[in-house]
1. Please report how far the C-alpha centroid of region 97-112 lies from that of region 146-202, rounded to the nearest whole angstrom.
2. Could you order peptides 94-105, 53-64 by the average number of other Cβ atoms within 10 Å of their residues, highest first?
3. May I have the convex hull volume per residue, in Å³, for the Cα set of the chain?
4. How high is the FRET efficiency from residue 72 to residue 99, r the C-beta distance, R0 35 Å, rounded to 0.05?
5. Which order, highest average first, do 25-35, 186-196, 75-85 follow once you tally other Cβ atoms within 10 Å for each residue and take the mean per peptide?
6. At a threshold of 8 angstrom on Cα-Cα distance, excluding pairs fewer than six apart, so keeping six or more, what relative contact order does region 74-159 reach in percent?
7. Indicate the gyration tensor shape class of region 101-197 (rounded, prolate or oblate), computed on the Cα atoms with a ≥ b ≥ c the square roots of the eigenvalues: a/c under 1.5 is rounded; otherwise a/b larger than b/c is prolate and the rest oblate.
8. Quote the convex hull volume per residue of region 149-202, based on C-alpha atoms, as a whole number of Å³.
Amino acid sequence: MDRLLIVRHGESEWNAVRRLQGHADINLSARGREQALALRATVQALAPDFVATSDLQRARDTAGLLGFGIAEPVARLREHDVGHWTGRAIPDLQAECGDDYVNWRAGAFTPPGGESWADFRNRAKCAVSDLAGKVSGTLLVVAHGGVVRALLEGFLDIAPHRIIPVGTASLTVLQCRGGSLTNMRLELFNYNPAGPVFDAPD
């Protein structure tokens, strides 16, 4: 693999009302579909050789809108499992859980019944490492904001507390120098055709 393209899915119905999704299978909103279509030309121009997607519908639909309806679904590319926080409104969690929510965003707290950051990061990294063996050129992964952040730590050692929430229907690109997964560098982060997004929903 020479290059890894990572796209976060377009805005979902729960993103629009700021609810945590985790493994919940929530559809794209109308705005999310528009966002994915707006990113299509950029991703198409990069001509990925292989495309994989989270098996959750919001990611699969985004892949289709980008022009890759036959993308390979991969369960290990699902979003971070937030356990009992699934479906909770983010403002309510921030008010009720305080430091626990902040520490979760930083990878230092596991919600009740949820997945630890380390386990999540490792499964996302292993999924991409396995996919990399299928392509000699460019790999496109359509997944989730948490997956983008997990891969940035897994491959570039950027701690999650140093990464802002990733914008919906945004593109992040890692270059794999010499074909080595241990020699990657960040080429592009959080690109959106409409401009930068600094306050994306988790």
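1. Centre-to-centre distance over Cα atoms comes out at 21 Å.
2. 53-64, 94-105
3. 99 Å³
4. Once rounded, the FRET efficiency stands at 0.35.
5. The densest-packed peptide leads the list: 75-85, 25-35, 186-196.
6. Details: 80 pairs, mean separation 32.1, N = 86.
Answer for region 74-159 is 37 percent.
7. Numbers: a/c = 1.92, a/b = 1.28, b/c = 1.50.
Note, shape of region 101-197 comes out oblate.
8. Measuring per residue, one finds 79 Å³ for the Cα hull of region 149-202.
Rule-based calculations on the coordinates, nothing more; no lab input. Model, not experiment: these values are computed from the prediction. Using ideal geometry, Cβ is built from the backbone for each residue, glycine included, and neighbour counts are taken over all protein chains shown.
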